[in-house]
Each structure stands twice: as C-alpha cells, then as structure tokens.
1. Limited to segment 1-35, what total is found for residues that are in a helix (DSSP H, G or I) and either touching a Gly at 6+ places or on another chain (Cβ under 9 Å) or not charged (D, E, K, R) (or both)?
2. Check whether at least one residue in segment 52-68 is in contact (Cβ under 8 Å) with a residue 24 or more places away in the chain, in a helix (DSSP H, G or I) and of a type in the set (Gly, Ala, Ser), and report yes or no.
3. Looking at Glu48, is it surrounded by 14 or more Cβ atoms within 10 Å (Cβ to Cβ), in a helix (DSSP H, G or I) and in contact (Cβ under 8 Å) with a residue 24 or more places away in the chain?
4. Determine, yes or no, whether Phe85 is exposed (fewer than 12 other Cβ atoms within 10 Å of the Cβ), among the aromatic types (Phe, Trp, Tyr) and either in contact with a Phe, Trp or Tyr (Cβ under 6 Å, 6 or more places away or on another chain) or without any contact (Cβ under 8 Å) to a residue 24 or more places away in the chain (or both).
5. Residues in segment 26-36: is at least one touching an Asp or Glu at 6+ places or on another chain (Cβ under 9 Å) and free of Cβ contacts under 8 Å to residues at least 12 places away in the same chain?
6. Does segment 31-45 contain any residue that is modelled with pLDDT of 90 or more, among the aromatic types (Phe, Trp, Tyr) and surrounded by 16 or more Cβ atoms within 10 Å (Cβ to Cβ)?
Amino acid sequence: MSDDYKGKNGLSRDIAKMRYEYRELYKPAMKQPWADFKASPIMGKFHELTNLHVESARAAPYLWGHVTMISMVLNMIAVGALAFFAATN
C-alpha cells in the first residue's frame, strides 16, 4: 500500500494518512519530549507524561485522535468484561 493518501478513499486513505502523520509529523516532533521524559527525575515523571500526551496531540492530531479513540473503546470493553465477570461470581 502506498503511503500517499491523496486520491484514496475509505479505510485505505485513513491508514495511509495515519502512516504519513506518524512518519512525517509525530516521530520527528516527539524525539525531544521522549528525551525529556527519560531524563526527568522520578518526581517529574507525571508532568513529563502529561507533556507526552499534549505534544503528541499537537504534533499529529489526526493520528492521536484515532489512537485515543481506540484506546477508550478497548478500555470500556475491558472494564465492561471485568464488571460482567465480577457480577456473575
């Protein structure tokens, strides 16, 4: 599959656009925030973790929007499964 998303439709366009954003926008922009996170003392990790989320959304909003939505859906399924199994036991 080509990484050029122009001229594509549907799922192939979405995947190509996310691959483009990851390669061209997200990866180069996130080198410094990841270095800051790794270098911060243990008490500063929470703030640097927040910065990772903010900078990710700023660098590649289309990609990050899909990542957060997929994560939310998976979390809701996991919590629902835990609640279901807890209620049946």
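The values are calculated or read from the model by the stated rules, or taken from the named source; none is laboratory data. Model, not experiment: these values are computed from the prediction. Glycine gets a Cβ as well: all are built from the backbone with ideal geometry, and neighbour counts include every protein chain shown.
1. First pass over segment 1-35, keeping only residues in a helix (DSSP H, G or I): 10-29, 31-35.
Retained after the next criterion (residues that are either touching a Gly at 6+ places or on another chain (Cβ under 9 Å) or not charged (D, E, K, R) (or both)): 10-13, 15-16, 18, 20, 22, 25-26, 28-29, 32-35.
Within segment 1-35, residues that are in a helix (DSSP H, G or I) and either touching a Gly at 6+ places or on another chain (Cβ under 9 Å) or not charged (D, E, K, R) (or both) number 17.
2. Among the residues of segment 52-68, at least one is in contact (Cβ under 8 Å) with a residue 24 or more places away in the chain, in a helix (DSSP H, G or I) and of a type in the set (Gly, Ala, Ser), which makes the answer yes.
3. Taking the combined requirement at face value, the residue does not satisfy it.
4. For Phe85, the condition - exposed (fewer than 12 other Cβ atoms within 10 Å of the Cβ), among the aromatic types (Phe, Trp, Tyr) and either in contact with a Phe, Trp or Tyr (Cβ under 6 Å, 6 or more places away or on another chain) or without any contact (Cβ under 8 Å) to a residue 24 or more places away in the chain (or both) - is met.
5. Among the residues of segment 26-36, at least one is touching an Asp or Glu at 6+ places or on another chain (Cβ under 9 Å) and free of Cβ contacts under 8 Å to residues at least 12 places away in the same chain, which makes the answer yes.
6. Yes, some residue in segment 31-45 is modelled with pLDDT of 90 or more, among the aromatic types (Phe, Trp, Tyr) and surrounded by 16 or more Cβ atoms within 10 Å (Cβ to Cβ).
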